[in-house]
Structures are given as structure tokens and as C-alpha cells.
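Have a look at the structure below, then the notes.
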Amino acid sequence: MIIGILVILGLCFGSFVNALVWRVHQQSLPKAKQPKKVNLSIKKGRSVCVNCHHILSWQDLLPVISWVGLRGKCRYCHKSISWQYPLVEILMAAVFVISYNFWPFKFTGPEAAVFGLWLAVVVNLVALAVYDIKWMLLPNRLVKIAFGFALVLSVITISIRSGEIYVDLAKVLVAMAISGGLFAILFYVSSGKWIGGGDVKLGFVLGLVAATPVNACLMLFIASLLGCLVTLPAVALGSKSMQTKIPFGPFLIIAAFVVYLFGVVVADAYLRLLGLS
Ligand SMILES: [Zn+2]
């Protein structure tokens, strides 16, 4: 029952993320390039086809089902609708279900609020990852919203769980200093060539999510490992060169997700591998 609700919620939020990133991107364009007659407001605007800008009816907006039913084509202009749409919807449903199945904490009382906030953080992070993959940019507006949710998650988590509030606060600040600080140094040393300014800000947000120095280090390690695993084969096969820019945000976001849900397990396994535990 709960899984079913989470799947439906995840699909709907996936659909929301698709609309959100498109709107935020359209709003960032110069006025002359923005579609006329489309209300780009995130709160009030109706969903439209990104090609013909026809307002979509409810039959066109059912996550995954509409895309499959329409065979990936717009009902009005018959142009292809990107597979990004169903993919993000399915991904979000999967992320919701995985979060529930592997939730390392309780669900009772105020802990339920922590779970809800975590899902809100995840929605924002997936939006950032999609935006970064599509446009190689982490827009300030989305980073700020993600920071807001991560801050509330952190404050509530510490206030309900912590026996030693100042110790946990200090841990969070060090975690932020590690991930955000490292990127800030890389950004300034390379004058923004190795890493984008958005990654620096995202580093601070994800440090907040990682919450402890160990988790922050683990997150950076996993993100770099994922980055190498994806990039090196592409370079070896010649489809990318070492100079090709690759968005780093999505790797960081996946790493933060893994660390939040599986941090303890991964850290233990790693220490055992090194013979330290
Ligand atoms: Zn259309």
C-alpha cells in the first residue's frame, strides 16, 4: 500500500521536475527567445508541449502512461517528446521507493517528518541533476531552494535526534566546509575551469545533507569514483576527450543519495576492506 502511494507520488513529482526544469530554463532565456503566449510561472502556468506550446489536457499529463499511449509523440504537433520525460518520472518513483525500503531511521512520530523532508530534498536534487545534464549548469534559483529544504532537514534532524546539539552542529559545519570548501578551492585555483561555481554551491548544500565529516569525505570519494567510471570509458572509446566538459553535479547528487541512505554500511565495508575494523 505505502509502496503504491510512493510510486504514484514519485511519478507525479517526476512529472513536476520535468516541467520545473523546462520553465526555469525558459525563464533564464532573453525575453525575445521565450515562448510567447505561454505562462512560464511555476505556480500558475499550465503545462504545454515544449514544441508547439499547445496547452496539455489531463490525458496528456499522466506520468509515463501518456507518453506510452501517445508513442512518445505530441497529440497536437506530432513531434517526438523526449524520453527524458518518462525516464525522470520512473527514476523519481524508484528513488522514493528505495528511500522507503532502505530508510536507515524510524518512521514513527517526528521521524516521519524527516522522511517527508528527505523526499522534498530528493525532488530538488533530481531537478538540479536533470538541469545540469541538459544545460551544464546548476541554476542559483534551484540551488537556493535545495539549500532551504536541506537546512530544514538538518535542523529538524538535529533537534529530534541529537543528544549533543553543539557536537552535531559542529559536524554539519565541518561536513559543509569539506565538500563546499574543497570545490571553492578548486574553483579559485583553476579560475572556474575545473569546476563550475554551481558545483561549489551544491557542495555546501550536499555537505549539509551528508551531515558528518566522514559522510562528506565518503560522498566526495563516491562522486569522483562515479565520475571516473563514466568518463574514462568514454575518453578511451574516443567519444569524449579529456577537454570535454562533463557535468559533475549529477555524480555528487547520486553520491549524496547513497551516503545518506547507506553511509554507515558503505563506511563499514570500506574500513573492513582496509583492515581497519
Ligand atoms: Zn506539440
Self-check item: Residue match in region 247-264 (condition: closer than 24 Å to residue 105 by Cα, in contact with a Gly (Cβ under 6 Å, 6 or more places away or on another chain) and open to solvent by 30 Å² or more (accessible area, probe 1.4 Å))
Solution: no
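Going by what's in this entry, would residue 77 be described as assigned to a loop (DSSP other than H, G, I, E, B), within 16 Å of the ligand (Cβ to nearest atom) and in contact with a Phe, Trp or Tyr (Cβ under 9 Å, 6 or more places away or on another chain)?
no
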Practice problem: Would you tally the residues in region 94-138 being open to solvent by less than 10 Å² (accessible area, probe 1.4 Å) and either of a type in the set (Gly, Ala, Ser) or closer than 18 Å to residue 2 by Cβ (or both)? | Solution: 6
Self-check item: Subset of region 51-63 that is in contact (Cβ under 8 Å) with a residue 24 or more places away in the chain and within 9 Å of the ligand (Cβ to nearest atom) - its residue that is most open to solvent (accessible area, probe 1.4 Å)
Solution: 51
Quiz item: Would you pick out the residues in region 139-164 that are among the hydroxyl-bearing types (Ser, Thr, Tyr) and either surrounded by 14 or more Cβ atoms within 10 Å (Cβ to Cβ) or under 13 Å from the mean Cα position of the chain (by Cα) (or both)?
Solution: 154, 157
Quiz item: Could we say that residue 84 is open to solvent by less than 30 Å² (accessible area, probe 1.4 Å), among the polar types (S, T, N, Q) and either more than 16 Å from the ligand (Cβ to nearest atom) or not assigned by TED's automatic domain parsing to the domain that holds residue 112 (or both) here?
Solution: yes
Quiz item: Is there a residue in region 146-156 that is closer than 29 Å to residue 197 by Cβ, in a helix (DSSP H, G or I), assigned by TED's automatic domain parsing to the domain that holds residue 248 and aromatic (Phe, Trp, Tyr)?
Solution: yes
Practice problem: Just name the residue that is nearest to the ligand (Cβ to nearest atom) out of those in region 16-50 that are open to solvent by 70 Å² or more (accessible area, probe 1.4 Å) and in contact (Cβ under 8 Å) with a residue 24 or more places away in the chain. | Solution: 16
Practice problem: Pull up region 64-74, narrow it to residues that are loosely packed, with under 13 Cβ neighbours inside 10 Å and part of a helix (DSSP H, G or I), then point me to the one that is nearest to the ligand (Cβ to nearest atom). | Solution: 69
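The values are calculated or read from the model by the stated rules, or taken from the named source; none is laboratory data. Computed from a predicted structure; not experimentally measured. Because the Cβ atoms are built from the backbone with ideal geometry, glycine has one as well, and the counts that use them run over all protein chains shown. Keep in mind that these areas ignore ligands, DNA and RNA; they rest on the heavy atoms of the full protein, side chains included. Shrake-Rupley method; radii C 1.70, N 1.55, O 1.52, S 1.80 Å.
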